[in-house]
Amino acid sequence: MTFSQKIEQLKTFAYEIGINKVGVCRAEAAASYPFFERWLDEKKHGDVSVGVEDAKSSVNRGMTYLLRRREARKHPNSILRNVKSLMIVALNYDSVNPPTQTTPTLSQPEQFGVVAEYARGCDYHDVVRAKLKRLEQKHRELFPEAASRIVADSAPILEREYALRAGLGRLGRNTLLLNEQCGSRFFLGVLLSTAEFYAEDLQQKNAEMPLSCLPREKSCEHCGRCVAACPIGALDEPYQLDARKCLNYWLIEFTGNEIPSAIRQRVGNRLFGCDTCASVCPFNQRNAKPSFAEISDEDLRRMSLRRQLEHGCLSIACIESLDEAAFHEQFFGTPIFRLGLTNLKRNADVVKENGLNVDFCD
């Protein structure tokens, strides 16, 4: 079997185990690292002491993990020594979330909070990692002399850049990776290898790719829907997100006891995450899911929280009554579990305080 045939067999196996898209690229220095470093220095990763007067930064941990080993993101060899190639995989939301969702139609305020679309099923880290482990085993069979490592949002690598290099999409104005077939509704994973995933006659001299060469979606230049729709203005700078103005940061990453009042008012009925910039994107609207059957609020209330999660919303009253044991039973293995009961109740208090009629057409 030739080297090229081995690579094609590895890709074919990836599709066979349920991975939706696969691409390969060389393990070169990250062109976007200088930009990433400036982004950290400007505290746009979520230093809430800047720009939010009543935030208590002393109790916030937020995304300070990005500051640890920040230089490791310069090159994938910080994760795997002598790495030569990366295989980037994409897994659609539908491959992780339950396929049979319905559209709740609720009219009473202060009853339910909305959960971001990506979080309505199993924890994607676990699902992506499980598939990557199978892919890595196949890699060992095909390249027994090569070392490898898998990453499912768990190591310091700028995987979005390498997904762009591997041809899995183009960078959107909302900073999401946009793909013609599935919009931005997919998760990324990486297989690092010391094998060269290219035939010798096709090898090119390794060189750092300029940031300007990373593919951007041209149609974004004349759109701007995501910018206008963002609740707090996190996308005011082109192709850059300010986490301090992003509801995903405040509802998921922020670990303070109380969300600042200026932010609370913008949360609306969002309980976990925010889909706004993705939901208004023409790429996602073009690849929208088919309409689901409606479900009554009465039927929804009779469901367990675990089942409610599959439908994209959670009962505020049920969350308020949870203890740690019940929280573990209902949410273990889901993205909600990573949030923790304390922060889930904090978010529920904000939704209840806002008292908005629930609108699931986010």
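The values are calculated or read from the model by the stated rules, or taken from the named source; none is laboratory data. Since this is a predicted model, take the numbers as computed values, not measurements. Virtual Cβ from ideal backbone geometry, glycine too; neighbours counted across all protein chains shown.
Here are some notes:
- Residue match in the range 66-80 (condition: within 21 Å of His125 (Cβ to Cβ), at pLDDT 90 or above, over 21 Å from the mean Cα position of the chain (by Cα) and part of a helix (DSSP H, G or I)): yes
- Residue in the range 194-230 that is modelled with the lowest pLDDT, counting only those that are basic (Lys, Arg) and closer than 30 Å to Val267 by Cα: Arg216
- Here Glu298 fulfils each of the conditions (1) in contact with a helix residue (DSSP H, G or I) (Cβ under 7 Å, 6 or more places away or on another chain); (2) free of Cβ contacts under 8 Å to residues at least 60 places away in the same chain; (3) not basic (Lys, Arg) apart from (1).
- Residues located in the range 130-152, provided they are in contact with a Gly (Cβ under 8 Å, 6 or more places away or on another chain) and part of a loop (DSSP other than H, G, I, E, B): Ala152
- Matching residues in the range 309-340 - criterion: being under 22 Å from Val127 (Cα atoms) and part of a helix (DSSP H, G or I): Leu309, Glu310, Phe327, His328, Glu329, Gln330, Phe331, Pro335, Ile336, Phe337, Arg338, Leu339
- Qualifying residue in the range 145-153 (condition: within 17 Å of Leu91 (Cα to Cα) and within 13 Å of the chain's Cα centre (by Cα)): yes
- Among residues of the range 222-270, those that are part of a helix (DSSP H, G or I) and either farther than 18 Å from His45 by Cα or in contact (Cβ under 8 Å) with a residue 40 or more places away in the chain (or both), counted: 21
- For first residues located in the range 1-18 and over 16 Å from Pro144 (Cβ atoms), partners that are part of a loop (DSSP other than H, G, I, E, B) and not polar (S, T, N, Q) and lie 6+ apart or on another chain with Cβ distances below 6 Å form the pairs Ser4/Ala199.
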